[in-house]
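To keep things clear, I will list the structure first and then write my remarks on it.
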Amino acid sequence: MKKILITGGSGMVGNSLQEYLPEAYYVSSKECDLRMYDGVKYLFNSIKPDYVIHLAAKVGGVKANSDYLGDFYYDNITMNNNILEVSRQKNVKKVVSLLSTCIYPDKVNYPLTEDQIHAGPPHKSNYAYAYAKRMLDIQSQAYRDQYGCNFITAVPNNLFGEHDNFHLEESHLIPAIIRKMYEAKQDNKDVVLWGDGKAKREFTYAKDLSKIVLLLLQEYNDKEPINVGNTNEYTIKEVAETIADIMNFKGEIVWDESKPKGQHRKPSDNSKLLSMGWDNEDYTPFKKALKNTCNWFIENYPNVRGVG
Ligand code: NDP
């Protein structure tokens, strides 16, 4: 039996991967703080993994990213460096790491293609997270070139699903809307959302990403990163209205146009993934994935991350 170590095992993607890869070793910060080099060495000596799926990261929405630039840089660059360096030392056969479409340059040609990741500075709101993630790609490539390590990187777009972080200041768009609507419904209030709702975004269900990560573990061995997100676009208004429909929220959705509207579109190109045999039809339909996520949130509230 090959041993697979999953970092970030307690996170949203880590939890969803457990359904498809139950026999792997899932590690959270409680078992090992990956910022600690000696701890990471001890972890690898104990488990002796053949493969590593590196999901752990300090992750957050726009506010957390811009309020804690130093923490986002230090935690991510240190964790990534330790994981790749110890994987190299221990002759791990393959490491799959996750980047993010939010690390692409601020000024870029759309759709986002993998060759543009380093073609300009990232958006200033999350530059520290973005550069730390970009270095995960650089280190993976450098170790491949010098040592022959089969270290690959995948680039998801906005993720959502069960076990997400629902903290109002640290969460991403979908979990924030779900929580706000759920609580507004309990209190018979309206919901206020930032911007005008017209910006379009792409979203990928964490369970779909888990299946893709397994496909990459088996079949993707290229040096260059690969975009893996669902490229269907929805306006934020459509997302909010779909969640309202699922949650039977009857209050008003008020758009606070004094707050940032965000870039109009940020489409990405997943043609490389499609050329590997993954089909756009393989992604879970958006409404079904949202329904699963909302139902999970309602069943577990208030014992969900960021609320309890
Ligand atoms: P989560 O925030 O849900 O989970 C983060 C995981 O990292 C948790 O298991 C956490 O452990 C672990 N972790 C954080 N700090 C440390 C540390 N110092 N030592 C050990 N473990 C640590 O993240 P997601 O599941 O949402 O994200 C998975 C990956 O996908 C990340 O690499 C992220 O950058 C990437 N990604 C995510 C997107 C999104 O929209 N969520 C979009 C694009 C990419 P603990 O629970 O103990 O704190």
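Structure data summary
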| item | result |
| --- | --- |
| Verdict on residue 167 being at positive phi and either in contact with a Leu (Cβ under 9 Å, 6 or more places away or on another chain) or within 13 Å of the ligand (Cβ to nearest atom) (or both) | no |
| Failed item in (1) within 16 Å of the ligand (Cβ to nearest atom); (2) touching a residue at least 12 places away in the same chain (Cβ under 8 Å); (3) more than 22 Å from residue 212 (Cα to Cα), with residue 100 passing the rest | (3) |
| Qualifying residue in the range 162-175 (condition: surrounded by 21 or more Cβ atoms within 10 Å (Cβ to Cβ), out of contact with any helix residue (DSSP H, G or I) (no Cβ under 9 Å at 6 or more places or on another chain) and part of a helix (DSSP H, G or I)) | no |
| Subset tally (residues that are under 29 Å from residue 153 (Cβ atoms) and within 19 Å of the chain's Cα centre (by Cα)) for the range 281-308 | 12 |
| Some residue of the range 103-118 being among the basic types (Lys, Arg), out of contact with any Gly (no Cβ under 7 Å at 6 or more places or on another chain) and more than 20 Å from residue 232 (Cα to Cα) | no |
| Pick from the range 104-125, criterion hydroxyl-bearing (Ser, Thr, Tyr) and part of a loop (DSSP other than H, G, I, E, B), ranking: nearest to the ligand (Cβ to nearest atom) | 104 |
| Whichever residue in the range 20-40 is touching a residue at least 40 places away in the same chain (Cβ under 8 Å) and away from the ligand (no atom under 14 Å from the Cβ) and, among such residues, is surrounded by the most Cβ atoms within 10 Å (Cβ to Cβ) | 21 |
| Scan of the range 126-151 for residues that are within 14 Å of the ligand (Cβ to nearest atom) and in contact with a Lys or Arg (Cβ under 7 Å, 6 or more places away or on another chain), ordered by number | none |
| Residue match in the range 262-284 (condition: surrounded by 13 or more Cβ atoms within 10 Å (Cβ to Cβ), modelled with pLDDT of 95 or more and of a type in the set (Lys, Arg)) | yes |
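The values are calculated or read from the model by the stated rules, or taken from the named source; none is laboratory data. Everything numeric in this text was worked out from a predicted model, so none of it was measured. No Cβ is skipped: glycine too gets one built from the backbone with ideal geometry, and neighbour counts run over all protein chains shown.
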